[in-house]
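Heads up, the thing below is written out as structure tokens.
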Amino acid sequence: MMNLYELYYNLIKENDEMLGEFYFKKLEGYCVKIDAEDIKMAAKFRKENIKKKLSYIDCLGYIIAKSNGVKFLTGDKEFDGLENVEFVK
């Protein structure tokens, strides 16, 4: 849900609220519950990778993807070299 929040924000920031609404409705059903354990693991992951300056949301998304056995899709070069990552543009 947090990654959807980030996507929606960026689309409306670019003055495309209709596109933001389209993707929000399209992707909302694919969101997974944020588990308390995922939050703790994401905080530890962020601390371990502090030099990469990863965002809180991206760390949480990465951990949730990993714990659900799916690839973490990102365009952020800071995730280069980490397992379970697929780069998209």
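The values are calculated or read from the model by the stated rules, or taken from the named source; none is laboratory data. These numbers were taken from a predicted model, which means no experiment stands behind them. Backbone-built Cβ (ideal geometry, glycine too); neighbour counts: all protein chains shown.
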Residue check, Leu11 over 25 Å from Asp80 (Cβ atoms), touching a Leu at 6+ places or on another chain (Cβ under 9 Å) and part of a helix (DSSP H, G or I): yes
Would you confirm, using the coordinates I've provided, whether Tyr23 is in a helix (DSSP H, G or I), in the same structural domain as Lys89 (by TED's automatic domain parsing) and among the hydroxyl-bearing types (Ser, Thr, Tyr)? no
Filter the stretch 26-61 down to residues that are farther than 18 Å from Asp76 by Cβ and not in a helix (DSSP H, G or I), then give me how many there are. 5
Out of the residues in the stretch 14-50 that are charged (D, E, K, R) and modelled with pLDDT under 95, which is surrounded by the fewest Cβ atoms within 10 Å (Cβ to Cβ)? Lys33
Mind listing whichever residues of the stretch 68-79 are in a helix (DSSP H, G or I) and either surrounded by 15 or more Cβ atoms within 10 Å (Cβ to Cβ) or touching a Lys or Arg at 6+ places or on another chain (Cβ under 7 Å) (or both)? Glu78, Phe79
